[in-house]
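Participant: Quick one: structure below, then a few questions.
The values are calculated or read from the model by the stated rules, or taken from the named source; none is laboratory data. Computed from a prediction, not measured in an experiment: that's the story for all the values here. Cβ placement follows ideal geometry from the backbone for every residue including glycine, while neighbour counts extend to all protein chains displayed.
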Amino acid sequence: MTELISEPRVPAAQYIRMSTEHQRYSLENQIAGIAEYAAKRGFAIVQTYADAGKSGLSLKGRAGLQQLLADVVTGQHTYSAILVLDVSRWGRFQDTDQSAHYEFICRDAGVAVEYCGEPFENDGSMVSMIVKNLKRVMAGEYSRELSAKVSRAQTQQARLGFKQGGGMPYGIRRLLVSEDGEPRFILGAGEQKGLSTDRVIFVPGSPQEIGTVRRIFRMFVSQHRRMTAIAGKLNKEGVPSANGRKWTARRVRTVLTSELMVGYYVYNQKTRRLKGPCKPNPPDLWIRIRVMDPIVDVKQFAKAQHERRRKSGNAYTETDLTERLKRLYRERGTLSQGIIDACPYTASASSYVNHFGSLVAAYARVGYDCPWPPGLRYTDEYLLDGIRRLHATFGHVTSKLINADPDLPVSRVFSLRFGSVIRAYALAGFPTTYADAQLAKRKRVRLRFEQRRQCDASKPRNERAPDPIEAETHIDSHSSCEE
């Protein structure tokens, strides 16, 4: 009897990626092409990393490639090669060195990268290096050309009055129309057009929403109410915002600043190309077109913009701000955040903080000696040193820790002095962005969990505390930033 002897196959992982605009590169087609290559070259696929519907312009958001690189770097892999269909599936990075860097990380860890559908061998020869780099440039150039084409098409559609993405302010609805301009139906939240030939136009919302919009303008322009006060009043009366959510100052600001309220659609105010940073465009590149009848009077809208700029301080020079604050001090004999915000001819208190660094500094400009309560007359450096001391003791700083410290005033004092507690953190040299704050929070939770696990290591498994990172991720996944 003849024995069948098969040669051992080399274990390999496959990386597959598909972006929404390249359906011919479906994951199934990539798997089939890689399988054929593996069968001919003696590879055995033991693991798959996939990024479905992910752009290849950057590493951000590509969990599959991130996990692949992490496994390779940490040595947590059982394969000696990575099979990719072609150079563009690895990535369309605008900097070709970025693509080469990720490949070098794998090769330096002893894991080769094989491109199954390319006409060259990735063997490190001069010819393969030249062709591979050329392919990387071509992959990035394809994305640049596609981005330019899409931008031109969107600009042309915007000039015709068709909506080109983005959020919707309260009081405005999206109407789906056919290719011939025949109305179809109003689109709800999250709904999109089904046919590529259909278009989306703007129409006013319900009479109740239009009445609320006009009321917001009256409260802001005629009654000189702050945006937070307007949002609080609407919430107290049970008036829902968009999609039934509660009102916030940001939502009120969106209503007050959107030119759709006077019937104009403004497009191309900002540009974000190829996963890069969002950059504002000069006004001469904006597209402004009339798309519907105005909801509020044009003069009232202009007054709202003037009032908003005045309250933000952008309409005044530093001398104007000082003179107006001095006038208010002469009339009232005292100053406070509430008095400044209620004054019709001064900027908001936060604007004075932004211009002068703190309300105390602004008070000093007009000769007002702020009567702090006994024991709360601290210097700025003393307060910032207190934040640093709390951080050195606890590893983090929160308003709760500040309020509990007997040697520091309450957190509101920090807000009055520096504009906000977050700004005080920044001046003390600590993270202030949402991402940094979340990362610091996760580190604290992980540290507490490790300490707790060491304490109850002797307990049965069913009595041990759950992983707080998983619980926190579950909670955070349901929260979002309001527009």
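Participant: Checking residue 382 against (1) within 26 Å of residue 330 (Cα to Cα); (2) loosely packed, with under 14 Cβ neighbours inside 10 Å; (3) not basic (Lys, Arg), which test does it fail?
Facilitator: Answer for residue 382: the failing condition is (1).
Participant: Which numbered condition in (1) closer than 20 Å to residue 208 by Cβ; (2) in a helix (DSSP H, G or I) is the only one that residue 247 fails?
Facilitator: Result: residue 247 passes all but (2).
Participant: On to the next question. Would you check if there is a residue in the range 327-335 being under 25 Å from residue 307 (Cβ atoms), of a type outside the set (D, E, K, R), modelled with pLDDT of 85 or more and outside any loop (DSSP other than H, G, I, E, B)?
Facilitator: yes
Participant: Search the range 251-295 for residues being modelled with pLDDT under 90, charged (D, E, K, R) and exposed (fewer than 14 other Cβ atoms within 10 Å of the Cβ), and hand back the single one that is nearest to residue 228 (Cα to Cα).
Facilitator: My answer is 270.
Participant: Tell me yes or no: at least one residue of the range 106-119 is farther than 18 Å from residue 30 by Cβ, among the small types (Gly, Ala, Ser) and within 32 Å of the chain's Cα centre (by Cα).
Facilitator: No.
Participant: Right, another one. Mind checking which pairs have a first residue in the range 219-231 that is closer than 12 Å to residue 248 by Cβ and a second that is in a helix (DSSP H, G or I) and basic (Lys, Arg), Cβ under 6 Å, 6 or more apart or different chains?
Facilitator: Sorted first by the residue in the range 219-231, then by its partner, the pairs are 227/253.
Participant: Of the residues that sit in the range 142-159 and are in contact (Cβ under 8 Å) with a residue 60 or more places away in the chain and not polar (S, T, N, Q), which one is nearest to residue 267 (Cα to Cα)?
Facilitator: Among those that are in contact (Cβ under 8 Å) with a residue 60 or more places away in the chain and not polar (S, T, N, Q), it is 158.
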